[in-house]
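J.: Take a look at this one; I'll ask things after.
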Amino acid sequence: MWQPEPGWQRLPGGGSPSAYGVWLAREGDADVIVKRLVAPVAGDLPELSDWRSSAWWEREPQVALHGLVAATDGLRGPPARRVEEDSEGITMVLERVTDSANPGLFVARALGRFARTPPPDVPWLARHQLRERLARIERRGGWKTLGRTTLADVADHLWQRRSVHLATLDELPQVLQHGDPTPANLPGRDGDDVVAIDWSNLGTGAVGHDLGLWALTVREDFEPLLAAYADGLADPEQADAAATGARITAVYTALSRLDWALQRVADGEGALAGKYSHPSVAPYVISMQRQATQIEALLG
């Protein structure tokens with residue numbers, strides 16, 4: 001059975017459901033990151049074994065093996081020292097990325113530049129990420145907990161129109177995307193480029209999709225972020241499309257995350273309204289509130 005070496009320092013995170021753990025290690029005179037992924041077994045989610053799903057467990061090591069983001073514009077991945085497969089999973093050894101505390105607008109522009117990159121010709125890029133996530137929520141009954149809040153009417157209207165907005169995303173220009181742009185996953189900097197980690201969701205999607213996700217995790221407002229992203233795209237004709245893609249992605253993701261957070265505390269003692277300030281809920285409430293203008297735009 002695979003085990004980390006003595007002396008490795010375990011790090012938080014890991015990203016995908018298949019991640020066993022991430023460690024800081026030392027090789028020669030350099031720090032490296034060791035990430036261990038475990039292969040799906042009977043009883044695991046079927047999408048983990050499906051290369052067509054955004055949850056496919058092998059995507060990140062395949063990205064490293066093929067060097068798909070070794071020299072891309074805007075965003076790039078850290079060099080991979082080696083990728084080793086065994087009967088139980090895959091071990092990736094990557095060069096360590098130093099946290100540069102990248103400003104939100106700098107990253108937004110980099111995301112726009114990355115979206116100009118022609119997608120690589122491989123069949124297993126993630127696609128229809130938001131559609132897949134909403135389908136999983138639908139199988140669980142939709143945004144049931146939001147239906148118990150003052151957002152009930154808004155949530156119900158948007159939930160009922162999800163197919164319309166997903167179709168809109170499908171009609172927008174499809175571009176290369178990181179798929180999970182958070183400050184933790186976009187820590188490094190190399191000149192004008194961001195050095196990003198966790199490429200398990202690398203794929204294609206509507207222009208603006210990455211921006212919509214990024215807008216949920218940074219302090220900058222939507223409009224300045226959109227302007228920076230559009231500047232990175234360097235294509236005025238795609239600016240409106242990017243705004244639409246970012247808006248739909250941000251709204252449906254923010255509401256889905258808030259429903260999930262509320263669901264985890266809903267059965268506890270006390271009224272649901274009294275739990276909005278709970279430490280595990282409040283960040284999602286704030287994230288949703290910051291997208292009020294975008295929610296209003298979709299309601300209109």
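The values are calculated or read from the model by the stated rules, or taken from the named source; none is laboratory data. Nothing here was measured: the structure is a model prediction, and the numbers come from that model. Glycine also receives a Cβ, built like all others from the backbone with ideal geometry; neighbour counts cover every protein chain displayed.
J.: Looking at segment 96-104, is at least one residue modelled with pLDDT of 95 or more and within 29 Å of Leu48 (Cβ to Cβ)?
T.: Scanning segment 96-104, I find at least one residue that is modelled with pLDDT of 95 or more and within 29 Å of Leu48 (Cβ to Cβ), so the answer is yes.
J.: Tally the residues that are of a type in the set (Gly, Ala, Ser) and either surrounded by 16 or more Cβ atoms within 10 Å (Cβ to Cβ) or in the same structural domain as Asp121 (by TED's automatic domain parsing) (or both), restricting the search to segment 50-76. Show your work before the answer.
T.: Looking only at segment 50-76, we keep the residues that are of a type in the set (Gly, Ala, Ser), and these are 53-55, 64, 67, 70-71, 74.
Those still in the list that are either surrounded by 16 or more Cβ atoms within 10 Å (Cβ to Cβ) or in the same structural domain as Asp121 (by TED's automatic domain parsing) (or both) too: 53-55, 64, 74.
Result for segment 50-76: 5.
J.: Can you tell me how many residues within segment 145-162 are part of a helix (DSSP H, G or I) and either in contact with a helix residue (DSSP H, G or I) (Cβ under 9 Å, 6 or more places away or on another chain) or touching a residue at least 12 places away in the same chain (Cβ under 8 Å) (or both)?
T.: Selection size over segment 145-162: 11.
J.: Name the single residue, out of those in segment 262-300 being within 23 Å of the chain's Cα centre (by Cα), under 14 Å from Thr145 (Cα atoms) and not aromatic (Phe, Trp, Tyr), that is modelled with the lowest pLDDT.
T.: Looking at residues that are within 23 Å of the chain's Cα centre (by Cα), under 14 Å from Thr145 (Cα atoms) and not aromatic (Phe, Trp, Tyr), I get Arg264.
J.: Next question. Out of Ala167, Ala227, Ala242, which single residue is surrounded by 22 or more Cβ atoms within 10 Å (Cβ to Cβ), assigned to a helix (DSSP H, G or I) and not basic (Lys, Arg)? Show your work before the answer.
T.: Numbers: Ala167 fails: surrounded by 22 or more Cβ atoms within 10 Å (Cβ to Cβ); Ala227 fails: surrounded by 22 or more Cβ atoms within 10 Å (Cβ to Cβ).
Only one candidate passes the filter, namely Ala242.
J.: Which residue pairs have Cβ atoms closer than 7 Å, lie 6 or more positions apart in sequence or on different chains, and pair a first residue in segment 112-124 that is in the same structural domain as Thr204 (by TED's automatic domain parsing) with a second residue that is aromatic (Phe, Trp, Tyr) and crowded, with 17+ Cβ neighbours inside 10 Å?
T.: These pairs meet every condition: Gly112/Tyr229; Trp124/Trp56.
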